[in-house]
Each structure stands twice: as structure tokens, then as C-alpha cells.
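Have a look at the structure below before the remarks.
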Amino acid sequence: MTGDMDARAFREHGRAVIDRIADYLADPEAVSVLPALRPGAVRDALPPEAPASPEPFERILRDFDRLIVPNTTHWNHPGFFAYFATTGSAPGILAEALIAALNVNAMLWRTGPAQTELEEVTLGWLRAMIGLPASFHGVINDTASSSTLYALAAAREAADPEIRGRGMTDRDLPHFRVYCSEEAHSSVDKAVITLGIGSDNVVHLPTDDDFRIVPEVLRRAVRQDRARGFRPLAVVATVGTTGVTAIDPVPAIAEICRDEGLWLHVDASYGGSAAIVPELRHVLDGCDRADSLVVNPHKWLFVPIDCSAAYTRHPEIMRRAFSLTPEYLTTSAPDVTNLMDYGVSLGRRFRALKLWFVLRYFGRDGIVEALREHCRLAALFAGWVDDAPDFQRLAPVPFSVVAFRYAPPGEMNGERLDALNRAILERVNAAGDVFLSHTSVRGRYAIRLAIGNLRTREAHVGRAWDLLRSAAEAATAGA
Ligand code: PLP
């Protein structure tokens, strides 16, 4: 065997793969959303070494059916309500196959001309759909964590042009400070750690009753830090926090950033997509004044993981932070974008293709309809929680996530209530047809129901509610 699979075999196996995907998407509930599995079970079922001789493709597929599918947590299941629920939609899945077939590495324009230009065009479309001005330049990264890391690297570059050459140690440089809310995602802390700023220099601001940054608290913290000899660098505001999907007051924060000379990065990785819906456009109010913003089409825009859109009004600073061209990567093409200049990775997958397929296949109207439906289902569920005397909603529901807990009237103390809710969640998830996750709301254990799958219907949300109520009854009886 000295070559790849021939075309005849490819067609035959390709049909088998497409049939599997079609069956999977047509009946996603044929599998449990969460596998009942002990750690190490899959590893133990696999041979310790790669095969020495070729194996028939049918056998490989059989093992995929036997070992992988039943032992997978099914993010594409309509009963997946954990973390941020997502959809790897059919047009996105088909695009992934074509991406793999072309196997382009768009590090330079020359190594991926259509890929580089399609990325620019699709990010321009998305930018207009979410209402950002054309002054924002976008590239696609793997994840929001990378996008936020690069944004803060650009902020650091803007603050100290010598950072690239001289680094941060053994020089007269005050500690940088980065501000975000106590509800911000841990990717902010990770970025700060990676950039050598130090996690002690992330200031997690307390939030108001709706879990949002309080502008005056931010302003005071910045000024106090400056007076103490720190160097305030950047603010990360969040549109759709991980726990309860709070929306920080970006217009007021932008004002402070302007007054204090700070970089404003907006983490709209979940909530940003909602701005496509006309009546939710306001969630990105003030973001036109951000220095950078991330929105993840792989979170709530039906693009299979991974696809994170990173926008900035300062692409030249991003290039200053990251551009480095060894001789073997120089080209003579003038005035072209070389995507390798916008981050750490040299190699770039052709992620724009799946975004292009998804945006075209559903169209703006189809996307609006789907996002509205998710918000409707979340509001419906929130109403059930509100109407139940023994359940308590723990936060507003601006998008499609509900944070709540079982809290029967009576004496129960905080820790017992936390344990009870933990037990309820375990019992609900053990049933195998829904998967919910938890968070902490003001230090209390909270259950979260997140809606984001295109195949989720009212019946699935109803099933989650039924399971929660009967698990609450059972757990209380056993408590
Ligand atoms: N920001 C927020 C608000 C998130 O909720 C998450 C993950 O859920 C992230 C960033 C990190 O996303 P990614 O997995 O794309 O790095």
C-alpha cells in the first residue's frame, strides 16, 4: 500500500460515513447524552500499539460504532443543556469534510488565497450581522481563550513597545493590572498567566445584583491601583458571562477605558451571536468603542467546534505583537493579509468555510428564528421555575440560560441545600436523556439549563423539568 484510498473505495466508505452521520442527526436520541462509563474504560479497550499492517476501513468504522459513539458525551444531542449548549449543524459538518479534503494551511495568502479572503469576507458579514462597525478587523482563531490571549497580548504591546524585545523581567516596569468581573471566564486569568503578568494582577471586581460590573467600582479600582504604583492595562467586559450570562455595562466601561487609557476587550463569545436578533441587538451596545471583541460561532451560531471570531480596531498592533517572518516564509505578494501575523499559530485551518456554509445555508432570517426559539424555550423554563414554590431562579435570563436551584420553603441550611441540589443534578443526569451542569451563584450551588441545540424542542425542556422535579422529590425523601 503506497498510496491513499482509491476513488472507488472512497465513494463506498464515504457513503457509509455519510449514512452514519445522517442517521445520527435524524435520531440523535438513539444514544444517551452522557455515557455511563468508568474512567479508563475506552483506553483499556484499545490496543496499546498502532497496527503494523493495514486494517480494512469497515473494521475501523465498526470500532468507531462500538467504542467511540457509545462512550461519547453527545454535545449534538437535543437533551444537552450543560455548559453552553451548541450545535454542529449539518452544513457545518459537510464543510468540515471539504476542509479536510482541501487540507489547506492558510498561514500566508499564497498558501491559501481563497481561504484568507473568505475569512475576511465571512468575518465582514458576521461583523455587520452583529452590528459592529467596519473599522473592526477580524480573524478566526480556534477558541475564545486564544482570542482573549491575543487581545491582551496586543494590549500589552500597545502599552509597552519594548515588551517584545526586552520582555518583562529585570527592568523598570510596574506590574500591569487587568480588570474583569468576578463572573468573568477563567480564560482571562489564563491569558494573564501566560503573558507573564501574573494571576495576582487580575482584579476580579464585585458585581451588582444582576452580576454586572459596577462602573464606579471599576473606576475606583483603577485609580487606587495607579496611586499604589501599578500600571492598569486592560478591562475585559463580558457579554454573556459563563455562570449566569450577565451583560457588563459596556458603554460606561468604554468611557472609563477612554479616560484612563485602558484597552477594552469584550468577551462576547457566547452572547455576541444574540446581537443578530434585532430585539437583542442592544446586548452589544457600546462595543463599537471596544479595542477588541470575541464572538464564538462554535458556541451559539451552529458552527462545529472550533471557530472563534476575534475582532480588533487595531490590527496593526496585533501584527506588531505577533508578526515574525523567517526567510522561508517571505513572499513578494504586496498588500495581502498573511494570517500567521495575527497570533501564535503559524498554521491555520480553513475554518471560514464552515462559517460561510452555515451563514449561507440558514441565512440571517433562519439564524434569527433559531436564536429566538432558544430564548423562548429558556423563558418558558424560567417561568416554570418561577411558578414552582420549591424552586428558585437565581439570576435574570437575558439569553437562553437559566440558573436555578431547588429550595423548598423551610429551614434547610446552605450546605444541606447545596448537597441536595448536587444529588438532584446527579440523579437527573444519570437518566441519560438530558445533561445539565452546575455553577456557583454568590457561593451557592446552582443548576444551569443552557439551550443552544437546533434539535432541542419544548418536549426536551419539559423532560428536563419533569426529571428535575421527580429527582427533587426523591432526593428530599432520601435526605
Ligand atoms: N468566555 C466565556 C464567557 C465562556 O463561557 C467560555 C467558555 O465557555 C470561554 C470564554 C472560553 O471559550 P473557548 O472554549 O472557546 O476557549
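The values are calculated or read from the model by the stated rules, or taken from the named source; none is laboratory data. Being a predicted model, the structure only gives us computed values, none of them experimental. Here the Cβ positions follow ideal geometry from the backbone for every residue, glycine too, while neighbour counts run over all protein chains shown.
Some observations on this one:
- Within segment 285-299, the set of residues being within 14 Å of the ligand (Cβ to nearest atom), touching a strand residue (DSSP E or B) at 6+ places or on another chain (Cβ under 8 Å) and assigned to a helix (DSSP H, G or I) comprises Pro297, His298.
- Subset of segment 233-272 (residues that are assigned to a helix (DSSP H, G or I) and more than 12 Å from the ligand (Cβ to nearest atom)): Val250, Pro251, Ala252, Ile253, Ala254, Glu255, Ile256, Cys257, Arg258, Asp259, Glu260
- Qualifying residue in segment 155-165 (condition: within 16 Å of the ligand (Cβ to nearest atom) and not in a strand (DSSP E or B)): no
- Residue count for segment 399-424 under the criterion of being buried (at least 17 other Cβ atoms within 10 Å of the Cβ) and either in contact with a His (Cβ under 6 Å, 6 or more places away or on another chain) or touching a residue at least 40 places away in the same chain (Cβ under 8 Å) (or both): the result is 11.
- Qualifying positions in segment 71-111 - buried (at least 23 other Cβ atoms within 10 Å of the Cβ), in a loop (DSSP other than H, G, I, E, B) and either assigned by TED's automatic domain parsing to the domain that holds Gly363 or more than 16 Å from the ligand (Cβ to nearest atom) (or both): His77, Pro78, Gly79, Ser89, Ala106
- Put simply, of Ala252, Ala246, Ala274 the only residue that is assigned by TED's automatic domain parsing to the domain that holds Trp125 and free of Cβ contacts under 8 Å to residues at least 60 places away in the same chain is Ala252.
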